[in-house]
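Colleague: Questions regarding the structure given below will be posed in turn.
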Amino acid sequence: MSLSDPLGDMLTRIRNAQRARHAACISPASKLRANVLEALRREGYIRGYSTEELRAGISQLRIELKYADGQPVIKEIHRVSKPGRRVYSKIKELPRVYAGLGVSILSTPRGILSDIEARAANVGGEVLCRVF
């Protein structure tokens, strides 16, 4: 089965697992997905992730979800730039997510960064997703 939007699929798996109060979820592995998960981990939205080798050349990511007082830390996560419509933003035009309470994940020339890190590095790029 081929996916037209692998990153969107991973975000949906995270969203569904948090609604079902699962401790972890799995997703097929890729460098882009791993980099987005690393940005989410740095910002404190997930507990962590690990790569598991299923067989030669096939890996999956095990994503450990985070809860605070029994409630999911990620209240909202959605894809912004989709395969049918790419969304790019200059750093000065990048809107704040819920007045700075949430973060945007960007693909920049310096790698996958949160909007906070991108503002510090003064680089813009493709807005992959928003998290609150």
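The values are calculated or read from the model by the stated rules, or taken from the named source; none is laboratory data. As the structure is a prediction and not an experimental result, all values here were calculated from the model. Glycine also receives a Cβ, built like all others from the backbone with ideal geometry; neighbour counts cover every protein chain displayed. Heads up: the accessible areas ignore ligands, DNA and RNA and are worked out on the full protein's heavy atoms, side chains in. Shrake-Rupley method; radii C 1.70, N 1.55, O 1.52, S 1.80 Å.
Colleague: About the Cα centre, and with charges only on the beta carbon of Lys, Arg (+1) and Asp, Glu (-1), how big is the dipole of the chain? Nearest 20 debye, please.
Modeller: Its charge dipole is roughly 220 debye.
Colleague: If each of Val123 and Glu76 carries a label point 7 Å out from its Cα toward its Cβ, how far apart are those two points in nm?
Modeller: The two pseudo-label positions are separated by 2.8 nm.
Colleague: Label points 7 Å out from Cα along the Cβ direction at Asp5 and Glu64: separation in nm?
Modeller: In this crude label model, Asp5 to Glu64 measures out at 3.0 nm.
Colleague: I've got another one for you. Quick one: with all protein chains in place, what share of the accessible area of the chain is carbon or sulfur, to the nearest percent (1.4 Å probe)?
Modeller: 50
Colleague: From the residues Val97, Ala118, Leu40, which one has its Cα farthest along the dipole of segment 13-132 in the positive direction, the dipole being from +1 and -1 charges on Cβ of Lys/Arg and Asp/Glu about the Cα centre?
Modeller: Checked the options; the winner is Val97.
Colleague: Now, a different point. Amide H of Lys75 versus every other amide H placed in the peptide plane: which residues, excluding those fewer than 5 positions away on the same chain, fall under 5 Å?
Modeller: Phe132
Colleague: Also, I was wondering about something else. Express the accessible area of segment 12-56 per residue in Å², computed with a 1.4 Å probe while the remaining protein chains stay in the model.
Modeller: It amounts to 60 Å² per residue over segment 12-56.
Colleague: So what's the net charge close to Ser81: Lys and Arg +1, Asp and Glu -1, counting the other residues with Cβ under 11 Å from its Cβ?
Modeller: +3
Colleague: In a shell of Cβ-Cβ distance under 10 Å around Ile26, excluding Ile26 itself, what net charge do Lys and Arg (+1) and Asp and Glu (-1) give?
Modeller: +1
Colleague: Need the list of aspartates and glutamates near Lys66 for cross-linking: C-alpha distance under 20 angstrom, and skip anything on the same chain fewer than eight residues off.
Modeller: The reachable aspartates and glutamates, counting only those whose Cα sits under 20 Å from Lys66, are Asp9, Glu38, Glu43, Glu52, Glu76.
Colleague: Oh, and also: Of Leu54, Met10, Ala23, which is farthest on the positive side of the dipole of segment 1-65, counting Cα position, with +1 on Lys and Arg Cβ, -1 on Asp and Glu Cβ, and the Cα centre as origin?
Modeller: Ala23
Colleague: With r defined as the distance between the Cβ atoms of Arg86 and Ala20 and R0 fixed at 41 Å, what FRET efficiency is calculated, to the nearest 0.05?
Modeller: The formula returns an efficiency of 0.85 here.
Colleague: Could I ask something else about it? Given labels modelled 7 Å from the Cα in the Cβ direction, how far is it in nm from Thr12 to Arg96?
Modeller: 3.3
Colleague: Can you give the accessible area of Ile112, probe radius 1.4 Å, in Å² rounded to 10?
Modeller: In the full protein context, Ile112 sits at about 20 Å².
Colleague: Here's another thing I want to ask about it. When the helix-only estimate is applied to the chain (DSSP H runs of n ≥ 4, each -39,500 (n - 2.57), divided by the residue count), what is the mean residue ellipticity at 222 nm, nearest 500 deg cm²/dmol?
Modeller: Rounded to the nearest 500, the figure is -8000 deg cm²/dmol.
Colleague: Right, something else. What percentage of all Cα-Cα pairs in the chain are separated by more than 21 Å?
Modeller: The proportion of pairs with Cα distances above 21 Å equals 39 percent.
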